[in-house]
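K.L.:
The structure under discussion is supplied below as structure tokens; questions concerning it will follow.
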Amino acid sequence: MPFEYDVYFTDKVFAVDNDVFVSALAQREPERRQRFVVLIDDGVAEAWPDLANDIRSYAEHHHERIELVGEPLVVAGGEAAKNDPSHVDRIWRLLDRHGIDRHSYVVGIGGGAMLDWVGYAAATAHRGVRHVRLPTTVLGQADSGVGVKNGVNAFGKKNFVGTFAPPCAVLNDRDFLTTLGSRDTVAGMAEAVKVSLIRDARFYAWLSDNREALAACRADDVTMLVRRCAELHLEHIRDGNDPFEMGSARPLDFGHWSAHKLESMSDYGLRHGEAVAVGMAIDILYSSLSGLCPRAIADHVIELLQALGFSLWHPALDERGAESKLTVLGGLVEFREHLGGELTITLIEDVGRALEVHAMDETLVEKAIAELRRLAP
């Protein structure tokens, strides 16, 4: 069954002379006036206090083609919001109150976590209301916002509940990135390092060559990173032959088995990208210790992550549970459960060349973590 959605790159998306938003809503049924509701991440609303007014003005200017239903609603952003099912219930009630049907749109404007739970609410209302994403972070525009997954956390596990539901469109407005703090800007770069290690050695070289500009969050370089990272993620979804993860492999989740666990262990004090950077450091050291890749590659990856501004150590890595087993190792069990079937972990043979393994030597993982402690005080 084919799916198709466009990813747009633009700026000032709600300037009245920018027709990208109208085009995105009208592409499926150009003859109809398109109804939509808007949900805005509270962090975005704070950074862009005129955004709701801009949306109203835009809708009024294009009233012959689109209809804004109700007032733009400010909702909770951040990973912690995915732990509270009342947020999803609130959106279901909103959609019911306004008669939003399968030919109407839920427009989410915010970071990746907010788009996750809003996408879940849209995907489960009427078994699927059309959803348009406007990611506002580097991570959202480069990775999660352009994908086909959404979900919420439950039972202390990240994305335990969710659906595969491709958006109708993704609109990446680079203006939203201008109000991000350096921590959030850099955090999103972890996914660029990840996808370059898996798929594109030239992109990895570019990241390395431009590390100083990226660490300084220079706008032009961040824009280039976002676009290439999004392209690589979309190419994988399109060409990887398993967009809805029916198998046991999840190659785009290099470094994620421990990252997801660290997020919950830190009570989501770690940004997703920050946890992924730590997870990649663990797995590249494991790749080296197990003889899969040269130590020089592992050292270079760690050096690059640190140069970009990542801290590669977190105290949670020292936590131990029953029989003095590292708590983070529980992430391997949860990772397998999340996919079902055989444990499949992506590791690195060379820059741009990944391979899959179906077992992890926990003693060697501990050695990798001990080595990381030494390299990342």
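The values are calculated or read from the model by the stated rules, or taken from the named source; none is laboratory data. Just so it is clear, the structure is predicted and the values come from calculations on it, not from any experiment. In this analysis, Cβ positions are derived from the backbone assuming ideal geometry, glycine residues included, and neighbour counts consider all displayed protein chains.
K.L.:
Determine whether the stretch 296-305 contains at least one residue that is in contact with a Lys or Arg (Cβ under 6 Å, 6 or more places away or on another chain), β-branched (Val, Ile, Thr) and within 21 Å of Leu270 (Cβ to Cβ).
P.N.:
Checking the stretch 296-305: not a single residue is in contact with a Lys or Arg (Cβ under 6 Å, 6 or more places away or on another chain), β-branched (Val, Ile, Thr) and within 21 Å of Leu270 (Cβ to Cβ).
K.L.:
Provide a single number: the residues in the stretch 278-316 that are in contact (Cβ under 8 Å) with a residue 40 or more places away in the chain, over 21 Å from Ala216 (Cα atoms), in a helix (DSSP H, G or I) and within 23 Å of the chain's Cα centre (by Cα).
P.N.:
Residues that pass the stated criteria total 6.
K.L.:
Which one of these is under 17 Å from the mean Cα position of the chain (by Cα) and closer than 20 Å to Asp6 by Cβ: Leu234, Leu180, Leu225?
P.N.:
Values: Leu180 fails: closer than 20 Å to Asp6 by Cβ; Leu225 fails: closer than 20 Å to Asp6 by Cβ.
Sole residue among the options that is under 17 Å from the mean Cα position of the chain (by Cα) and closer than 20 Å to Asp6 by Cβ: Leu234.
K.L.:
Then there's this: So which residues in the stretch 45-99 are of a type in the set (D, E, K, R) and under 30 Å from Gly273 (Cα atoms), if there are any at all?
P.N.:
Of everything in the stretch 45-99, those that are of a type in the set (D, E, K, R) and under 30 Å from Gly273 (Cα atoms) turn out to be Glu46, Asp50, Glu79, Lys82, Asp84, Asp89, Arg90.
K.L.:
May I ask you to say which residue of Glu334, Glu274, Glu263, Glu323 is on the phi > 0 side of the Ramachandran plot and either part of a helix (DSSP H, G or I) or assigned by TED's automatic domain parsing to the domain that holds Val152 (or both)?
P.N.:
Result: Glu323 is the single residue among Glu334, Glu274, Glu263, Glu323 that is on the phi > 0 side of the Ramachandran plot and either part of a helix (DSSP H, G or I) or assigned by TED's automatic domain parsing to the domain that holds Val152 (or both).
K.L.:
Could I ask something else about it? Which members of the stretch 116-164 meet the condition of being under 21 Å from Pro72 (Cβ atoms) and among the hydrophobic types (A, V, I, L, M, F, W, C)?
P.N.:
Trp117, Val118, Ala121, Ala122, Ala123, Ala125, Val129, Val132, Leu134, listed by residue number.
K.L.:
Restricting attention to the stretch 1-47, report how many residues are surrounded by fewer than 19 Cβ atoms within 10 Å (Cβ to Cβ) and assigned to a loop (DSSP other than H, G, I, E, B).
P.N.:
Number of matching residues: 19.
K.L.:
A follow-up question, please. Take the residues in the stretch 317-332 that are at pLDDT below 95 and under 21 Å from Ile348 (Cα atoms); name whichever of them is nearest to the chain's Cα centre (by Cα).
P.N.:
Gly331
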